[in-house]
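Report on one structure; see the data block that follows.
Laboratory data are not the source of any read-out in this text; all were calculated from the coordinates shown. Bear in mind that the values here come from a model prediction, so they are computed numbers and not experimental data. Heads up, the Cβs are rebuilt from the backbone with ideal geometry, glycines too, and the neighbour counts pull from every protein chain shown.
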Amino acid sequence: MKNRTALTIGFALLPIVASLLITALLIVAVGSNPADVFVAVMEGAFRNSNAISGVVNFWIPLALCSLGLTITFTAGLWNIGVEGQMIMGAIFASWAALWLELPPPALVAVEIALAMLGGGLWAALVGFLKTRLGVHEIFGGVALNALANVISIYLIAGPWSPPEGASAQASRRFPEGALLPPMSGEFNVSLLALILVAVALIIVMFALRGTRWGLQLKATGKNSRSALLLGVPTTRSAMTAFIACGMLAGIGGSYRVLFTYTDLRPLASGGIGFLALLVVLLVGLRPLFATIIAFAFAVILGGSTRLKIALQLDQSLAGVLQGFIVLLVLLSNGLRQRFAPTQPADIPTPTTTTVEIQRLQ
């Protein structure tokens with residue numbers, strides 16, 4: 001037991017340590033000091049309240065998407081369509097911001113509710129394609145990501161274009177009452193969004209660990225064929241996992257347009273959904289760790305903007321570090337399954353759809 005625990009901890013730390021060492025060697029190869037790079041990143045992320053606000057504003061949608069993906073990963077589903085679900089949440093929230101006339105508190109509540117609806121519906125479409133038509137969620141998700149962005153561009157350049165003329169850059173600016181209010185002028189972060197992240201974390205942790213639904217998701221993710229034969233509603237579990245993830249991603253998308261941008265823009269998700277996939281690859285099915293690692297990623301990305309100013313290094317170095325981490329995590333998981341096969345894998349394997357099971361019977 002102690003040996004298996006040591007192996008598990010070792011394989012969890014291996015990709016992070018190895019990626020840091022490789023990145024350090026690259027920094028030395030270009031003639032810089034790794035310690036100076038670390039200091040520059042930390043200064044870039046925490047040098048003042050504006051920098052800290054930027055890190056937190058990036059972390060909020062990233063944490064929401066990461067929490068949603070822990071649900072689909074638990075069910076053994078690779079929800080690549082989380083980017084499109086963020087965009088659809090942003091579109092639904094933008095519609096409310098542009099066309100509804102309500103008091104500000106009520107309008108914000110409606111915007112968030114509609115964002116959850118938009119993200120959930122788009123995720124349900126991915127689930128329908130998988131469970132009813134046998135289309136793998138990766139292919140369905142990628143296609144729906146592209147379609148969601150096309151819809152947003154059409155709206156921006158057409159019906160929602162600014163008064164000065166059609167543009168593919170951004171829609172008309174939202175009214176002040178439709179935006180999420182900041183905590184203060186010095187700390188430009190939405191308190192409501194922070195509360196939503198905290199509530200989402202508590203709900204996801206409880207749902208996955210303390211409910212029948214969470215047990216059904218785990219059974220579906222471990223072996224959907226056996227779960228179905230034992231009476232677990234695998235189709236319903238997959239659909240609800242997609243919808244729950246989509247709703248959280250929709251909230252993240254609404255935060256981008258209602259606070260970060262204050263209008264609808266093409267690719268409003270900003271790649272955050274894909275980054276959330278990397279976060280969950282690192283932490284597996286641990287919601288609390290997902291929010292912590294998401295914050296670390298936000299710090300790296302936010303602080304890397306200072307690398308060019310301080311050390312004449314391109315900020316894409318942060319992307320290099322993230323890429324190495326993900327590559328080595330996948331390698332570490334393969335080694336763990338090889339040398340510690342008794343330990344359950346945290347990274348999901350593609351599940352068998354109900355359509356495929358019916359064909360086998």
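One table, with the values for the structure above:
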quantity	calculated
M86, M205 arranged by Cβ crowding within 10 Å, fewest neighbours leading	M205, M86
Cα Rg, Dmax, region 213-296, angstrom units	16.0, 49
Within region 129-196, chymotrypsin sites (Phe, Trp or Tyr not before Pro) in DSSP loop having at most 14 other beta-carbon neighbours inside 10 Å	F187
Calculated from backbone phi, Karplus (6.51, -1.76, 1.60) coupling profile of region 275-291 in Hz, x at Gly/Pro	5, 4, 4, 5, 4, 6, 4, 6, 9, x, 9, 10, x, 4, 5, 4, 5
Ranking of R132, R256 by count of other Cβ atoms within 10 Å, fewest first	R132, R256
For I202, I153, order by how many other beta-carbon atoms lie within 10 Å, fewest first	I202, I153
Amide H contacts of V135 (H built 1.01 Å from N, under 5 Å, at least 5 apart or other chain)	K130
Hull-based mean projected area of region 80-141, where the convex hull spans the alpha carbons, in square nanometres	4.1
Integer Hz, Karplus 6.51/-1.76/1.60 couplings in order for region 181-193, x for Gly and Pro	x, x, 5, 6, x, 7, 10, 7, 9, 7, 5, 4, 5
Extension gain, F38 back to L147 (0.36 nm per residue minus Cα-Cα distance, nm)	35.3 nm
Separation in nanometres of the label points that stand 7 Å from Cα toward Cβ, at N50 and L230	5.6
